[in-house]
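The numbers here are math on the coordinates, done by the rules we state, and not lab data. This structure is a prediction, so every number in the text was calculated from the model and none was measured.
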Amino acid sequence: VFCTLSPLISILTLINFALCRLIYGYLVVYAEHQKPDLGGVFFVQQMKHLQTGLFIYVTLMIGVLARRGPNYGPAAIAVGALVYKVWVGQKFSVWFRWEQLPFEEIVVDDEGSAGKRPSRSSRYAQPELLEVEQPEEGGDTNPFAVVA
């Protein structure tokens, strides 16, 4: 928001993000413990916060255009963006189903049919359990040679 109104704030922002990168880079690796995964709750919260931030930004820009513009024409045009933003935000919060998938989407595979997918190979054999080739007398002893 401030970068739009005063471009010189970008220098301070760059310094801030560089320091945050340094500090949080240390915290994430050395000071924080691993936390359990919540299955997308944080992602959805971030999307909601992004929608709220965009709403505030568009509202602020309408105010700036109304105050600094020669007339209310630019602000009136920007109100169209606010109407669209409200519609998209409502659509996101009502239509976006992230906690539960419909059963039909769970059982249908990539080809559009329900059922088991075909195997990618004829059989699976763990390489560590295959028979090891015995070295010949006086020959090269390679412990990693595998009999196919």
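Full extension of the chain segment joining R123 with A18 gains 32.7 nm, where the gain is 0.36 nm per residue of separation less the Cα-Cα distance. An oblate overall shape is assigned to segment 40-96, the ratio a/c of its alpha-carbon gyration tensor axes (a ≥ b ≥ c) being 1.5 or greater and a/b not exceeding b/c.
At q = 0.23 Å⁻¹, what log₁₀ I(q)/I(0) does a Debye calculation on the Cα points of segment 1-77 give, no solvent, two decimals? Log-scaled intensity ratios, in q order: -1.10. Counting 0.36 nm for each residue step from Q100 to L50 and taking away their Cα separation leaves a gain of 15.8 nm.
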